[in-house]
Amino acid sequence: MTDFFAGFRSDCLILAGWSVNYRHSHICALKNSSVIMSCTYTYPTGYKIKNVSLTKNPVKGVEPPDLFEDPEYSQRLQYLGDKQKNCTIRLSHVTQKDSHEYYFRLIADKLDLFNNVKWIGYPGVTLTVTDLQVEAPERVTEGDSVRLTCKSSCALTDRATFIWYRNSQPLTERRDRNNQLLLQSVRREDAGRYSCALQEHTYISPAVHLNVTYPPKSASVSITGSGEIVEGDSVTLSCSSDSNPPAEISWFKGGTIVGSGRIYSISNISSDHSGEYKCKSRNKHGEKDSDTVTLNITYPPKSVSVSISPSDEIVEGDSVTLSCSSDSNPPAEIIWFKGEAFVGSGRIYSISKISSDHSGEYKCKSRNKHGEKYSAVTLNIKCKLVMVKVTVTLNTLNIRQNQRTNSVM
């Protein structure tokens, strides 16, 4: 028995009557897909096909490998043809290691000579296995348009429908035979990890992050410990802002800058810290002010004092008003005492037609839930001078008569 190797080439016929016709001489297939290598063959009469197979990288004078018996291929190859003229073969779950030139191979017995012919069909099929890569700009600004491209290392042989994913979720409205994804007037919600795939294929490309930059939005201030703030406490103000890139934060009390950074802390807080605060969030795309928050610092009464009206000399019968002023938060309750006796309440204590009985020390007590404080003043009442007019009338006649009588005697 004699082995005889022959091949069919386009420029020369090595063995008359033997030929193979591949549907595609080059196949570009997606990683993890199945590849159909379609072909037909002819052979002369007088031969019986004994075996059909697929081989690669044949070397002259060396028995070519039968890939159907190769452990790397045997579970993935399926012969779909026959032993008459169809030599179609399927190769499943292809990887980039499968990128080779493949050849159809057959062994035929010559019926009258009892020997066989081993024949390889030249030229073969060049298989290139590609993955998919998303090509996208490193960053895009909100409002711009951006184009993402699903790229392969070769032009896919089978006509494909592309599917796009954002953060592993399919963009169902983005199915197209075009391998590009156009995002018009990009929004911040469009940021995320984008990947692409082919419809009816399991392989999905590695994800690429689309970074959408935009100015600060939704700046707001929160106060740690939202309850009552008492003088001496420590308070933290936090500024939250949605922006990309992250914003620079500045703090203002009224119109005066008081700090920077996301956190503004005040330790041992006092009434001087009361007022309206806001944060300004700023990056290269713009800036935004938060709504103002008011710090309302509560504290016990201080700077308590009493004033007297009128402020000059007080005389019996006058009307006098005592006024108590007090700095406190919440506003204080005012109580009046003369000596130790309670005499009234409220910021104003009035005495009409004052008398010497009203002389003495008066105190106002300023009190709220955080504490109390006194202030005293003394009322000195002057006696009122009474002008008495005395009229004396003399009887002239009687005086004269008395004078005469005295003379006779």
Practice problem: Tell me, yes or no, whether region 270-288 has at least one residue that is within 14 Å of residue 377 (Cα to Cα) and among the acidic types (Asp, Glu). | Solution: no
Quiz item: Do you know which residues across region 96-106 are surrounded by fewer than 17 Cβ atoms within 10 Å (Cβ to Cβ) and touching a Lys or Arg at 6+ places or on another chain (Cβ under 6 Å)?
Solution: 100
Quiz prompt | Filtered residues of region 66-118 (kept if among the polar types (S, T, N, Q) and closer than 19 Å to residue 18 by Cβ) | solution = 84, 86, 88, 115, 116
Quiz item: Looking only at residues in region 380-390 that are closer than 25 Å to residue 321 by Cα and either among the basic types (Lys, Arg) or in contact with a Phe, Trp or Tyr (Cβ under 6 Å, 6 or more places away or on another chain) (or both), which one is modelled with the highest pLDDT?
Solution: 382
Exercise. Mind counting the residues in region 103-120 that are in contact (Cβ under 8 Å) with a residue 24 or more places away in the chain and either touching a Leu at 6+ places or on another chain (Cβ under 6 Å) or not in a strand (DSSP E or B) (or both)?
Key: 4
Quiz prompt | Candidates 276, 316, 340, filtered to the one that is farther than 17 Å from residue 371 by Cβ, touching a helix residue (DSSP H, G or I) at 6+ places or on another chain (Cβ under 8 Å) and not hydroxyl-bearing (Ser, Thr, Tyr) | solution = 316
Self-check item: Enumeration of residues in region 291-305 that are among the polar types (S, T, N, Q) and exposed (fewer than 13 other Cβ atoms within 10 Å of the Cβ)
Solution: 294, 296, 303
Practice problem: Tell me, please, whether a residue that is in contact (Cβ under 8 Å) with a residue 60 or more places away in the chain and charged (D, E, K, R) can be found in region 266-273. | Solution: no
Quiz item: Among the candidates 308, 257, 249, which residue alone is assigned to a strand (DSSP E or B), exposed (fewer than 12 other Cβ atoms within 10 Å of the Cβ) and of a type in the set (A, V, I, L, M, F, W, C)?
Solution: 257
Self-check item: Residues of region 216-225 satisfying the condition of being under 21 Å from the mean Cα position of the chain (by Cα) and in a loop (DSSP other than H, G, I, E, B)
Solution: 224
Practice problem: Would you be able to tell me the number of residues in region 114-135 that are within 13 Å of residue 55 (Cα to Cα) and surrounded by 15 or more Cβ atoms within 10 Å (Cβ to Cβ)? | Solution: 9
Practice problem: Just need a number here: residues in region 73-113 that are closer than 16 Å to residue 50 by Cβ and among the small types (Gly, Ala, Ser). | Solution: 2
Quiz item: Based on what the data block shows, is residue 288 surrounded by 13 or more Cβ atoms within 10 Å (Cβ to Cβ), modelled with pLDDT of 95 or more, basic (Lys, Arg) and outside the structural domain of residue 247 (by TED's automatic domain parsing)?
Solution: no
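Residue-by-condition table, conditions (1) touching a residue at least 40 places away in the same chain (Cβ under 8 Å); (2) closer than 26 Å to residue 283 by Cβ; (3) assigned by TED's automatic domain parsing to the domain that holds residue 35; (4) assigned to a loop (DSSP other than H, G, I, E, B):
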residue: 181; (1), (2), (3), (4): no, no, no, no
residue: 185; (1), (2), (3), (4): yes, yes, no, yes
residue: 189; (1), (2), (3), (4): no, yes, no, no
residue: 194; (1), (2), (3), (4): yes, yes, no, no
residue: 197; (1), (2), (3), (4): yes, no, no, no
residue: 202; (1), (2), (3), (4): yes, no, no, yes
residue: 214; (1), (2), (3), (4): yes, yes, no, no
residue: 227; (1), (2), (3), (4): no, no, no, yes
Quiz item: For residue 94, are the conditions met, namely being β-branched (Val, Ile, Thr), closer than 27 Å to residue 180 by Cβ and in contact with a Pro (Cβ under 7 Å, 6 or more places away or on another chain)?
Solution: no
Quiz item: Given the structure, is residue 149 touching a helix residue (DSSP H, G or I) at 6+ places or on another chain (Cβ under 9 Å), within 30 Å of residue 183 (Cβ to Cβ), touching a residue at least 12 places away in the same chain (Cβ under 8 Å) and among the hydroxyl-bearing types (Ser, Thr, Tyr)?
Solution: no
Quiz item: Looking at (1) touching a residue at least 60 places away in the same chain (Cβ under 8 Å); (2) over 26 Å from residue 79 (Cα atoms); (3) not in a strand (DSSP E or B), can you tell me which one residue 144 breaks?
Solution: (1)
Self-check item: Count of residues meeting criterion [within 22 Å of residue 329 (Cβ to Cβ) and under 26 Å from the mean Cα position of the chain (by Cα)] in region 277-299
Solution: 5
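The values are calculated or read from the model by the stated rules, or taken from the named source; none is laboratory data. The shown structure was predicted, so the numbers you read here are calculated from the model rather than taken from an experiment. Here Cβ is always computed from backbone atoms with ideal geometry, including for glycine, and neighbour counts include all displayed protein chains.
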